[in-house]
1. Regarding the range 33-47, can at least one residue be identified that is farther than 25 Å from M159 by Cβ and touching a residue at least 24 places away in the same chain (Cβ under 8 Å)?
2. Looking for something surrounded by fewer than 21 Cβ atoms within 10 Å (Cβ to Cβ) and either small (G, A, S) or in contact with a His (Cβ under 9 Å, 6 or more places away or on another chain) (or both) - is there at least one such residue anywhere in the range 26-38?
3. Working carefully through the options W160, W148, find the one that is touching a residue at least 12 places away in the same chain (Cβ under 8 Å) and either assigned to a helix (DSSP H, G or I) or of a type in the set (F, W, Y) (or both).
4. Under 16 Å from the mean Cα position of the chain (by Cα), closer than 24 Å to Y33 by Cα and open to solvent by less than 70 Å² (accessible area, probe 1.4 Å): is that true of V164 in this structure?
5. Can you pull out the residues in the range 89-131 that are outside any helix (DSSP H, G or I) and aliphatic (A, V, I, L, M)?
6. Looking at (1) part of a loop (DSSP other than H, G, I, E, B); (2) modelled with pLDDT under 85, which is the one condition that is false for Q60?
7. Tally time: how many residues in the range 8-20 are over 13 Å from the mean Cα position of the chain (by Cα) and open to solvent by 40 Å² or more (accessible area, probe 1.4 Å)?
8. On the given criteria, is S66 surrounded by fewer than 16 Cβ atoms within 10 Å (Cβ to Cβ), among the small types (G, A, S) and closer than 21 Å to I43 by Cα?
Amino acid sequence: MTTANKVTIGRIILVPFFAVQLTYYFLTEDEMYRFIAIAAFLIATISDGIDGWLARHRNQRTQLGSYLDPIADKLLLISGLVLLSIEFDKSPFEGAPLPLWFIGTILGRDIIVVTGSILLFLAVGDVKVQPLILSKISSVLQMVCIGWVLFNCSPKISMWLAVVASITAVIT
């Protein structure tokens, strides 16, 4: 197993840890849980770039990595988006909850892509995963939007980030 794949698996392992810490923060409003959730999110986000760099520059591209990397991305993004879209009586975040149309757009796009990939695999037998640069930009915008809310920054900007991330997701 390559180092890039190990980093990707580490990202997958971080997702439930991130989700649990964020949930504890919602329940207790203890800032320690928010800081731990932010740390887990940042480590997972930064390691996304690291495993991609390792795969490209250290010749560690594998079939397994081509499947695990987008799974790790989607698990992190979807868990963050869903948790930050929950409406609590008293939300500890200024930019939360994220609008449901944003989560619907991202989930809908992902469902269409996965369904299309499965149908293509069944029809042809082999599917090459090659993400577009706009897909990567959309993922980065989604991560920035989640991070923006986690850092409790301006709700107006988080709304604009959600709009731009949705537009790029729809285009892809």
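1. yes
2. Applying the first criterion (surrounded by fewer than 21 Cβ atoms within 10 Å (Cβ to Cβ)) to the range 26-38 yields 26-33, 35-36, 38.
Right, trim to either small (G, A, S) or in contact with a His (Cβ under 9 Å, 6 or more places away or on another chain) (or both) and you get none.
Checked the range 26-38: no residue is surrounded by fewer than 21 Cβ atoms within 10 Å (Cβ to Cβ) and either small (G, A, S) or in contact with a His (Cβ under 9 Å, 6 or more places away or on another chain) (or both).
3. Among W160, W148, only W148 is touching a residue at least 12 places away in the same chain (Cβ under 8 Å) and either assigned to a helix (DSSP H, G or I) or of a type in the set (F, W, Y) (or both).
4. Values: under 16 Å from the mean Cα position of the chain (by Cα): yes; closer than 24 Å to Y33 by Cα: no; open to solvent by less than 70 Å² (accessible area, probe 1.4 Å): yes.
Spelling it out, it is not the case that V164 is under 16 Å from the mean Cα position of the chain (by Cα), closer than 24 Å to Y33 by Cα and open to solvent by less than 70 Å² (accessible area, probe 1.4 Å).
5. The initial filter retains those residues of the range 89-131 that are outside any helix (DSSP H, G or I), namely 89-99, 125-131.
Hits for the range 89-131 are A96, L98, V127, V129.
6. Only one criterion is unmet by Q60, namely (2).
7. Here the count works out to 4.
8. Here the answer is yes, as S66 does meet what is asked.
The values are calculated or read from the model by the stated rules, or taken from the named source; none is laboratory data. Owing to the predicted nature of the structure, the values given are computational and were not obtained by experimental measurement. So basically every Cβ, Gly included, is an ideal-geometry build from the backbone, and we count neighbours across all protein chains shown. Side chains included, ligands, DNA and RNA excluded: accessible areas come from the protein's heavy atoms. Shrake-Rupley method; radii C 1.70, N 1.55, O 1.52, S 1.80 Å.
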